[in-house]
Amino acid sequence: MGAPSEPFTLKTRKRSMYCRRCWYPLGEISTRECPECGRAFDPEDPGTWRRRSRGQWWLATVGRPVAIALLLVGLIAALWTGFAYHRDRADKRLLAQLAASNLQYESAPLAPSWLAPWLRRTGAGAPETIVTVFFTTDAARDEDLARLTGLRNLRHLYVDGARITDEGIAHLSKLRRLETLWLSGTSVTPAGIKTLSKARPGLKIYGP
Ligand SMILES: [Zn+2]
């Protein structure tokens with residue numbers, strides 16, 4: 001390391017050197033002072049200058065993290081949308097497979113309300129999930145209740161059918177979000193209800 005007054009040649013200089021104060025490129029000048037702002041620097045001491053230009057510095061400290069964050073948000077949104085549409089199709093496919101034809105259902109949107117109109121405009125429709133199923137007029141069977149466990153977001157279930165037994169409602173313990181179960185004209189016994197209540201203490205059960 002030479003004295004500040006000592007001149008030095010270009011080949012000893014590092015080209016990617018920038019003034020710490022004003023970002024002026026110092027790589028190709030032969031003085032030890034920034035020609036722009038006069039700040040002194042020592043080419044041998046990296047603490048007295050910057051290795052990156054202002055643009056590179058912004059890219060590294062602001063641009064790159066922002067780009068990564070945006071990419072992650074986009075990725076999560078894409079994954080979530082894919083999952084929501086998968087849920088929508090899976091729910092509807094499952095209903096179509098039920099042996100009982102006499103049923104009604106209610107859906108809830110899976111997308112936030114501000115996003116739903118935009119999704120509808122894409123032609124794919126806003127994804128929905130089935131939250132309520134009504135079996136009417138003696139239609140439900142035990143095997144239907146076993147299949148219903150695929151409706152992950154089912155919250156309310158109305159079952160009307162003498163063919164429904166304790167064996168059938170035992171499947172419903174797998175529906176973690178089920179809140180209310182109405183039983184009408186079923187062959188379910190108090191023992192069957194007790195078993196289900198034990199498995200799902202929060203579930204409200206009405207009627208046999
Ligand atoms: Zn400077």
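Residues of the range 33-50 that are assigned to a loop (DSSP other than H, G, I, E, B) and within 13 Å of the ligand (Cβ to nearest atom): 34, 35, 36, 37, 38, 39, 41. As a summary of the residue check, residue 96 satisfies the conditions (1) surrounded by fewer than 16 Cβ atoms within 10 Å (Cβ to Cβ); (2) within 21 Å of residue 180 (Cβ to Cβ); (3) among the aliphatic types (A, V, I, L, M) except for the one numbered (2). Against the criterion of being of a type in the set (A, V, I, L, M) and either out of contact with any Gly (no Cβ under 9 Å at 6 or more places or on another chain) or outside any loop (DSSP other than H, G, I, E, B) (or both), residue 140 does not qualify. Quick one: residue 77 ticks every box in (1) in contact with a Leu (Cβ under 9 Å, 6 or more places away or on another chain); (2) part of a helix (DSSP H, G or I) except a single one, so which number is it? The number of the failed condition is (1). The single residue among 53, 5, 30 that is hydroxyl-bearing (Ser, Thr, Tyr), within 16 Å of the ligand (Cβ to nearest atom) and at pLDDT below 90 turns out to be 30.
Of all residues in the range 170-196, which are of a type in the set (S, T, N, Q) and either at pLDDT 95 or above or part of a helix (DSSP H, G or I) (or both)? Answer for the range 170-196, where residues must be of a type in the set (S, T, N, Q) and either at pLDDT 95 or above or part of a helix (DSSP H, G or I) (or both): 173, 180, 195. Close Cβ contacts (under 9 Å, 6 or more residues apart or on different chains) running from residues in the range 17-28 that are outside any strand (DSSP E or B) to residues that are more than 10 Å from the ligand (Cβ to nearest atom) and among the aromatic types (Phe, Trp, Tyr) comprise 23/57.
Residues of the range 103-124 that are closer than 30 Å to residue 158 by Cβ and surrounded by 12 or more Cβ atoms within 10 Å (Cβ to Cβ): 103, 105, 106, 107, 109, 110, 111, 116, 119, 120.
The values are calculated or read from the model by the stated rules, or taken from the named source; none is laboratory data. Predicted, not measured: the structure shown is a model, and the values here were computed from it. Cβ: placed from backbone, ideal geometry, glycine included. Neighbour counts: every protein chain shown.
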